[in-house]
Amino acid sequence: MIPSLARLTEGGFSIGVEAPLDNDWTHAGEQARRQAGRLPGEPDLLRHAELAQLADRLGFRALWVRDVPVYDPSFGDAAQVFEVFSYLGYLAGVTRDILLGTAAVVLPIREPLLTLKSAATVQRLSGNRLLMGVASGDRPVEYPLFGRDFAGRGNNFRDQIALLRDGAQPSLPPGLALLPRMEAPLPLLVAGLAQQSPAWVGAQMDGSLAYPGTPEDHTRRVAAWRAVAGAKPYATFIHLDLSEHPDEPLQRWRFGFRAGREALATELHALREAGVDHVGLHFRRNRRPLGETFHEIAEHVLPRFHESAMQAA
């Protein structure tokens, strides 16, 4: 298995975090946004580096960032704001161990050779910590801005995957090379199906990034993934509001839930039993300070799932 993917699934299951590291979707966060004059869905990034370093030190396995090139008020979400590869390069410099993932780069609106060069750069600067989630995109408004055809994004996606796999060398004129060279294969995880058939995705991709859902949802989805992809990693995400009361029961909502740490651990156990290999926690609806939340999860939840990996180390 590709080294970074092996680290992601070390011990059989792992837990990460998803940027932006802000709880701006809460009532207090919305008030702060209005006072600061930020757009709806634009997070407060003042502590992003500090919180990324904290997640790294506490043992979260991966930090995931989304690729949202243009703010669209109809979506109401600016994601983590920064250009995805520039941001990953920065994060590579301020963290040490945590894997750095994209969830996910919209390939068809990007220039293929520059995408490959950017990915190779982050891979080298991070010490092979990159997990490259890729997608075909679902925002039609973006495609004309980049001179790309929305209807043809599936074909474009396949072409770009081929280039990322072969390093572009076969398509370059003699004597030219794209540097830096990849020191390890580039791990490619697909978000959704990217306008492809399940069989193609299972054969061509190294892992799956699945939309949030219940353990029952993931039991069905994992089975479909295993049927076409075998044991390749399957990851998903949870929108979490961690209660200050450890035993508060789970209250589910779309894409996540509010719960105390015991119910969170129970849900993560159920996801592991459903066949999920990795869960990224998303905190924009979390009402408590994120540093406090990270510490509680690291002390009381991570050891229940990362213990085997820690013992192996």
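The values are calculated or read from the model by the stated rules, or taken from the named source; none is laboratory data. Everything numeric in this text was worked out from a predicted model, so none of it was measured. Please note: Cβ atoms are built from the backbone with ideal geometry, for glycine as well, and neighbour counts cover all protein chains shown.
Couple of notes before you dig in:
- Tally, over segment 284-301, of residues that are assigned to a loop (DSSP other than H, G, I, E, B) and small (Gly, Ala, Ser): 0
Results for (1) touching a residue at least 40 places away in the same chain (Cβ under 8 Å); (2) within 18 Å of the chain's Cα centre (by Cα), shown as yes or no for each residue.
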{"site": "Phe82", "(1), (2)": "no, yes"}
{"site": "Ser86", "(1), (2)": "no, yes"}
{"site": "Asp97", "(1), (2)": "yes, yes"}
{"site": "Ala151", "(1), (2)": "no, no"}
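- Hey, Val81 modelled with pLDDT of 95 or more and touching a helix residue (DSSP H, G or I) at 6+ places or on another chain (Cβ under 9 Å) or not: yes
- Residue satisfying all of: in segment 50-78; modelled with pLDDT of 95 or more and loosely packed, with under 15 Cβ neighbours inside 10 Å; nearest to Pro40 (Cα to Cα) among these: Glu50
- When Ser86 is tested against the conditions (1) part of a loop (DSSP other than H, G, I, E, B); (2) farther than 22 Å from Leu271 by Cβ, the lone failure is (1).
- Looking only at segment 297-306, and only at residues there that are over 16 Å from Gly12 (Cβ atoms) and under 22 Å from the mean Cα position of the chain (by Cα), the one that is surrounded by the most Cβ atoms within 10 Å (Cβ to Cβ): Ile297
- Scan of segment 35-77 for residues that are farther than 22 Å from Phe294 by Cβ and β-branched (Val, Ile, Thr), ordered by number: Val68, Val70
- Output for segment 261-280, where each listed residue is more than 13 Å from Phe13 (Cα to Cα) and surrounded by fewer than 18 Cβ atoms within 10 Å (Cβ to Cβ): Glu262, Thr266
- Filtered residue count, segment 4-24, keeping only those that are hydrophobic (A, V, I, L, M, F, W, C) and within 20 Å of Ala119 (Cα to Cα): 4
- Filter result (surrounded by fewer than 19 Cβ atoms within 10 Å (Cβ to Cβ) and over 15 Å from the mean Cα position of the chain (by Cα)) within segment 202-212: Ala203, Gln204
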